[in-house]
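The values are calculated or read from the model by the stated rules, or taken from the named source; none is laboratory data. Because the structure is predicted, anything quoted here is derived from the model rather than measured. These area figures cover heavy atoms from the full protein model, side chains too; ligands, DNA and RNA do not enter into them. Shrake-Rupley method; radii C 1.70, N 1.55, O 1.52, S 1.80 Å.
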Amino acid sequence: MTDWEKIILVREKHHRWKLNSSQIETYDLGLDQNKSWWEHLSILSRSLDVLVFRGNSTLTTLICEDLARVDPCQAVVRGIGPNLLIALLMDGPQLENRWPARYATVLAEDPGTSVLTLTSFGLIARQNELGRFPQASAIALWKDDVNGAKKLELPRDSDALILELVAEGKTERTLDGRSDDGSTHRWVYESHCAVSVGAENRPDWITTGVAK
């Protein structure tokens, strides 16, 4: 067992995805738009995993609809005020004028959490193939309270992105004015770059979608 395998957690979704007529048309799913189509999965008890890394940073995750809905987990996220939140989505391109960016903005402003929304390139590629919208490759969007929103695009000839973040010191104060003496910090965007392993080294599952 590797060190990473020791911290693998299973995070259940809190909400089913209901496809509306616009999504059925956008992704050309071939479904009857006059019917309601819900994601088929069991909804178990809600849970929110919070990981501590580097001794003084906290990280948590939300899945798709959990980011957008008024949900009990949102109150917990605001109560904890994690340094970093990663939202895993099944969505189109991550653009500043779309819904994930709007909800990420709320969390970036209060409680000041840095947010990374990350989506499946498969849905972006399907939308690009249809040609109904401008071609896009933004698989992620970074949002912090210093630099604002940053669109992260995956070039067509690349396999992944490396995101570089920097921890900056920050002073927080209680409602009665007491200071934490700068013991708080926030994660801000520094840079990102594309990574390509080359066609000869590219695993089959990247193109077939079949995991090992």
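In the Gaussian network model of the chain, springs joining C-alpha atoms below 10 Å, which of TRP37, TRP187, TRP99 carries the largest mean-square fluctuation?
Residue with maximal mean-square fluctuation among TRP37, TRP187, TRP99: TRP37.
I need to check one value: relative contact order of the chain, counting alpha carbon pairs closer than 8 Å and at least 6 residues apart, in percent.
On the way: 352 pairs, mean separation 27.9, N = 212.
Relative contact order comes out at 13 percent.
For the range 52-205, what % of the accessible area comes from carbon and sulfur atoms, probe 1.4 Å? Let's see the in-between values first.
Values: 4270 of 8270 Å².
So the carbon and sulfur contribution to the accessible surface is 52 percent.
Using a Gaussian network model of the chain whose springs link C-alpha atoms within less than 10 Å, name the residue from SER183, SER191, SER114 with the highest mean-square fluctuation.
Per the Cα network of the chain with a 10 Å cutoff, SER183 tops the list.
Can you tell which of ALA101, ALA125, ALA87 shows the greatest fluctuation in a Gaussian network model of the chain with Cα springs below 10 Å?
Between ALA101, ALA125, ALA87, it is ALA125 that shows the largest mean-square fluctuation.
Just one of (i) 31, 22, 18; (ii) 29, 18, 16; (iii) 66, 18, 14 is semi-axes √(5λ) of the Cα gyration tensor in Å calculated from these coordinates, so which is it?
(i)
Pop out the ³J(HN,Hα) list for the range 161-177 in order, Karplus 6.51 cos²θ - 1.76 cosθ + 1.60 with θ = phi - 60°, rounded to Hz; leave Gly and Pro as x.
For the range 161-177, the Karplus curve yields 10, 9, 10, 9, 10, 10, 8, 10, x, 8, 9, 10, 10, 6, 4, 8, x Hz.
Let me have the 222 nm mean residue ellipticity of the chain computed from DSSP H runs of 4+ only, each contributing -39500 (n - 2.57), with the sum over all residues rounded to the nearest 500. Spell out each step's value before the answer.
On the way: 6 runs with 45 residues, N = 212.
The helix contribution divided over the chain gives -5500 deg cm²/dmol.
Over the chain, with the other protein chains present, what is the accessible area per residue in square angstrom, probe 1.4 angstrom? List each step's numbers first, then the result.
Numbers: 13070 Å² over 212 residues.
Per residue, the chain has 62 Å² of solvent-accessible surface.
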